[in-house]
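**Q** Dumping the structure here so I can ask a few things about it.
Laboratory data are not the source of any read-out in this text; all were calculated from the coordinates shown. Not measured: the values here are computed from a predicted model. We place every Cβ from the backbone using ideal geometry, glycine too, and count neighbours over all the protein chains shown.
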Amino acid sequence: MEKHIALLRGINVGGHKKFPKVEQLAILNELGLINPKVYLHTGNWIFETSETKENLTLKISKAITEKYGWEVPVLVKTPSEIERILQNCPFSEKKKAKSYFVILSEKPNYNLLKEVSPIQYPNEEIIIIDNCIYFYASKGYGRTKFNMNTFEKKLNVKATSRNYNTITKIIALAST
């Protein structure tokens, strides 16, 4: 058995794709995943299984589509992969604590990465390392020009973002 973290994108945001925590836990149990935990209502799942990440991604996506009729991007990572993303953050500790981590389904193609690397906005820092876009906005996330959908499309990957507090909390929950 190995611990895994599944990050769902776009549920319970702005009244769309309502998926209460209790129903998220129910699906985890229905899928036979061991010691399931759900952090917040935004799709941060921690569980144990012997299944592969690829199989889990498909299995979770299919279960959600069958039950609710909508597709949700699902990224499955190991706790060590999430820890590495946190450790690789290029920002100072002060900036890191106010940063967002846009976790990508895979490391982007080098040529696509070269195309998006010049994209920058005033008062915002965007740094892509491996399978994460590290994002810091000095004036706050709510006032940003950064658009995750743009990067997701240009890099041809699935993505979901989490703030520093959520990243550190799911790492802590995965270690218990």
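**Q** Quick one: order Thr42, Thr160 by neighbouring beta-carbon count within 10 Å, fewest to most.
**A** By the 10 Å Cβ count, ascending, the order reads Thr42, Thr160.
**Q** Can you give the FRET efficiency to the nearest 0.05 for Ser50 and Thr78, using r as the Cβ-Cβ distance and R₀ = 22 Å?
**A** Calculated value: 0.95.
**Q** Mean residue ellipticity at 222 nm from the helices of the chain, using -39,500 (n - 2.57) per DSSP H segment of n ≥ 4 over the full residue count, to the nearest 500 deg cm²/dmol?
**A** -10500 deg cm²/dmol
**Q** P(r) of the stretch 80-174 in 10 Å steps, Cα pairs, percent per bin?
**A** Calculated P(r), rounded to whole percents: 16, 52, 30, 3.
**Q** What base-10 log of the normalised intensity I(q)/I(0) is obtained for the stretch 38-118 from the Debye formula, alpha carbons as equal point scatterers, at q = 0.20, 0.25, 0.27 Å⁻¹?
**A** -1.15, -1.32, -1.37
**Q** May I pose another question? How large are Rg and Dmax for the chain when only the alpha carbon atoms are used, in Å?
**A** That works out to 16.1, 47 Å for Rg and Dmax.
**Q** For Tyr141, put the label point 7 Å out on the Cα→Cβ axis and report which residues of the stretch 158-176 keep their amide N under 16 Å from it.
**A** Inside the label zone: 159-171.
**Q** While we're on this one: Structure shown: which of Lys77/Lys158; Lys21/Lys53; Lys3/Lys169; Lys3/Lys59; Lys37/Lys169 lie over 18 Å apart, alpha-carbon to alpha-carbon?
**A** Beyond 18 Å: Lys21/Lys53.
**Q** Then there's this: In whole Hz, what ³J(HN,Hα) sequence does the stretch 23-32 give by Karplus (6.51, -1.76, 1.60; θ = phi - 60°), x for Gly and Pro?
**A** My calculation for the stretch 23-32 gives 6, 5, 4, 4, 5, 4, 5, 4, 7, x Hz in order.
**Q** Taking amide H positions as placed in the peptide plane 1.01 Å from N, state which residues far from Ile128 in sequence (5 or more) or on other chains have amide H under 5 Å from it.
**A** Hits under the 5 Å cutoff: Tyr134.
**Q** What angle do you read, to the nearest 10 degrees and between 0 and 90, between the alpha-carbon axis of helix 53-68 and the longest principal axis of the chain?
**A** Value to nearest ten degrees: 70.
**Q** For the stretch 2-77, what size does the Cα cloud have along each of its three principal axes, sorted from largest down, in whole Å?
**A** 34, 20, 20
**Q** If you rank Ile133, Ile171 by fewest surrounding Cβ atoms within 10 Å, what's the result?
**A** In increasing order of surrounding Cβ atoms, one gets Ile171, Ile133.
**Q** Residues of the stretch 8-22 with amide nitrogen under 12 Å from the 7 Å Cα-to-Cβ point of Lys158?
**A** Label zone hits: 8-10.
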